[in-house]
Amino acid sequence: MSQIHAIITRGPHKGKPLYPHKHQDDKYVASSSRYEEDYIRVDNLEELSVLVQAGCGARMSNRETGNAASYITNAKLRLEDNAPNTASVERLLDSITDETDLDRDSKGKSRKEQSLLRAYLLRGSNVGHCVICRHEFPFEMLVAAHLKKRSECTVVEKKDFKYVAALMCKTGCDDLYENGYISVDNGMVVKTDWKGCSHGAAIRGNLQCGRKRR
Ligand SMILES: [Zn+2]
């Protein structure tokens with residue numbers, strides 16, 4: 001587990017450290033934004049550290065300052081050891097996949113699963129390749145897209161993390177795939193159903209078709 005901290009950069013407490021904030025429900029919070037709808041509540045510092053290594057920011061505080069907890073972006077968080085522990089990611093993914101199924105309404109758990117799956121597929125790197133357009137992107141521009149609809153996967157398929165999902169970019173490939181405009185057949189990107197529409201989607205999809213999936 002990595003120790004997480006940040007340094008206050010302005011105001012009367014400038015230079016003082018911030019630490020992960022334990023909320024009233026005894027949880028720590030990882031997040032991709034300061035908005036509560038993006039909060040991922042976790043039980044312990046190990047889980048928080050895996051999510052921070054996976055690119056999340058965190059809610060941080062320092063009791064001595066008397067200030068309320070605040071959201072600190074991933075770029076401003078400091079970790080003693082930046083290398084994600086793949087075994088921890090896999091173990092957490094395994095348990096969160098069960099929890100997400102038991103608690104279907106939990107958006108927080110789905111976000112946690114998505115963040116962990118992306119971390120798993122990136123294998124500790126901050127950049128990765130989109131399997132559709134094959135361009136390289138920083139991690140925040142990539143999503144772990146389920147190759148088969150998650151709801152249609154068996155438990156065994158859901159836990160086959162290496163094959164259940166692939167990295168796709170947010171510049172269009174994930175949307176084209178999620179909405180069924182393109183598909184992957186025998187390792188090649190193919191057009192699937194353009195629903196008689198959308199000139200833009202057709203042009204964008206055409207660019208990808210015929211490409212070999214990495
Ligand atoms: Zn792409």
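The values are calculated or read from the model by the stated rules, or taken from the named source; none is laboratory data. Because the structure is a prediction, the values reported are computed rather than measured. Glycine also receives a Cβ, built like all others from the backbone with ideal geometry; neighbour counts cover every protein chain displayed.
Assorted remarks:
- Checked against the criteria, residue 119 does not count as touching a residue at least 12 places away in the same chain (Cβ under 8 Å), buried (at least 18 other Cβ atoms within 10 Å of the Cβ) and in a strand (DSSP E or B).
- The set of residues in the stretch 160-174 being of a type outside the set (Lys, Arg), more than 7 Å from the ligand (Cβ to nearest atom) and either modelled with pLDDT of 95 or more or not in a strand (DSSP E or B) (or both) consists of 160, 161, 163, 164, 174.
- Extreme residue, nearest to the ligand (Cβ to nearest atom), among residues of the stretch 131-159 that are in contact with a His (Cβ under 8 Å, 6 or more places away or on another chain) and modelled with pLDDT of 85 or more: 135
- Residues satisfying the stated conditions in the stretch 2-45, i.e. farther than 20 Å from residue 109 by Cα and loosely packed, with under 12 Cβ neighbours inside 10 Å: 9, 10, 11, 12, 14, 15
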